[in-house]
Amino acid sequence: MKENLLKYTLHLADNALILGHRLSEWCGHGPVLEQDIALTNIALDLVGQARNLYQYAAEISGDGKTEDDFPYLRKENEFRNVLLTEYPNEDFAYTIVRQFLYDSYNFYFYNELKNSSDKRLAAIAEKSLKEITYHLRFSSEWMIRLGDGTEVSHEKMQNALEDLYPFWGELVQAEDYETALLAFGVSVDLNKIKPGIEAKVKEIMEKATLKLPEISWFQSGGKKGHHTEQLGFILTDLQYLQRTYPGAEW
C-alpha cells in the first residue's frame with residue numbers, strides 16, 4: 001500500500017512539474033504579452049500543485065526526504081510523468097494542443113480525485129480544481145480560436161494534433177500501482193472518467209473544425225519510468241544547481 005501510494009503521488013506530482021517546466025519556457029517568449037503572462041501563470045499553478053504532492057510524497061516515504069529530493073535528485077527512469085508532458089513546445093500550436101489534451105484529462109481526473117479515500121490527496125484535488133478549471137477554459141478557447149481561425153492557424157493546429165494525439169492514450173491507461181489503489185478507494189478509476197474526457201475532446205474538436213487522427217495504438221511508458229530523450233534535457237536544466245552544488249539553499 002505504501003509503495004503504491006508513493007508511486008501514485010509521484011506520478012501526479014511529476015505530471016504537474018514537467019508540464020509546468022515546459023510552459024515556463026514560454027516566459028518572455030510568448031506570441032503576445034497577455035498570453036506570455038497567462039502561460040507563465042499556468043506554469044506557476046502546476047508547479048504549486050507539484051509542491052503539494054511532493055510534500056505529501058516526502059511524508060509517505062518517511063525516510064528523511066524533503067519535497068526537494070524528488071524533483072532534484074532522481075534520475076530519468078525514476079520519474080513517472082506521462083510522455084505528453086515532456087513533449088517540446090515546438091511552437092504555440094503544439095503548446096496549446098498539448099495543454100488541451102492534458103487539461104481535458106486533468107479536469108475530470110481531479111474532479112474524481114477529490115472523492116479519494118486518502119484525505120490528503122482529496123484535499124490537494126479540491127484545492128487545485130479552481131486552477132485546473134481555468135486551465136481547461138483557456139486551452140479550449142485557444143483550440144477553437146486557432147483551429148477555426150485562418151487557413152494557416154488551422155493547418156498548424158491540425159499538424160500539432162497529428163503529432164501529439166498518439167500520446168493522449170497514456171493518460172487513461174492505468175498502471176499496476178493505480179489499479180492496486182482502486183480497491184482502497186484511493187486512486188481514480190480511469191475507465192470511469194474516460195467517456196467524459198472523450199466527449200469534451202470531441203466537443204472542442206468539432207468547434208475548432210479539427211479532425212482527430214484515427215489511430216488504434218498510443219505511445220506509453222512514462223508512468224513506468226520509460227521516457228523520451230526530452231526528459232533528460234529538462235532535468236539537465238532543472239537539476240543543474242543541486243547536482244553541481246549539493247545541498248545548496250537560497
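None of the figures in this text is laboratory data; all of them are computed from the coordinates on show. It should be emphasised that the depicted structure is a prediction, and the values quoted were computed from it without experimental measurement. Please note: Cβ atoms are built from the backbone with ideal geometry, for glycine as well, and neighbour counts cover all protein chains shown.
Observations on the model:
- Taking 0.36 nm per residue of separation and subtracting the Cα-Cα distance, full extension of the segment from Asn191 to Asp237 would add 13.0 nm.
- Extension reserve of the Asn77-Gln35 stretch, reckoned as 0.36 nm per residue once the Cα distance is removed: 11.8 nm
- Here the spin labels are modelled as points 7 Å beyond Cα on the Cα-Cβ line, and at Glu214 and Phe184 they lie 4.4 nm apart.
- Cβ-defined net charge surrounding Val188, 9 Å radius [Lys, Arg +1; Asp, Glu -1]: -2
- Once each of the GluC sites (Glu not before Pro) sitting in a DSSP loop with at most 11 other beta-carbon atoms within 10 Å is removed, the chain keeps 1-213 as its longest stretch.
- With R₀ set to 41 Å, the beta-carbon distance separating Lys2 from Glu229 gives a calculated FRET efficiency near 0.80.
- In this label model, Ala123 and Asp148 are separated by 4.3 nm, measuring between points 7 Å along each Cα→Cβ vector.
- Helix-only mean residue ellipticity at 222 nm for the chain, each DSSP H run of n ≥ 4 adding -39500 (n - 2.57), per residue, nearest 500: -22000 deg cm²/dmol
- Anisotropy class of the stretch 161-228 from Cα gyration tensor, a/c 1.5 cut: oblate
- 3J(HN,Hα) along the stretch 85-90, derived from phi through the Karplus expression 6.51 cos²θ - 1.76 cosθ + 1.60 where θ = phi - 60°, amounts to 5, 9, 4, x, 5, 6 Hz, with x in place of Gly and Pro.
- Shown here for the stretch 41-107: trypsin sites (Lys or Arg not before Pro) in loop regions (DSSP other than H, G, I, E, B) with at most 15 other Cβ atoms within 10 Å, namely Lys65, Lys75.
- A straight chain from Asn115 to Arg137 at 0.36 nm per residue would run longer than the Cα-Cα distance by 5.7 nm.
- Relative contact order (percent, whole number), the chain, Cα cutoff 8 Å, 6+ residue spacing: 25
- Listed residues Ile215, Ile60, Ile96, most fluctuating in the chain (Gaussian network, C-alpha, under 10 Å): Ile215
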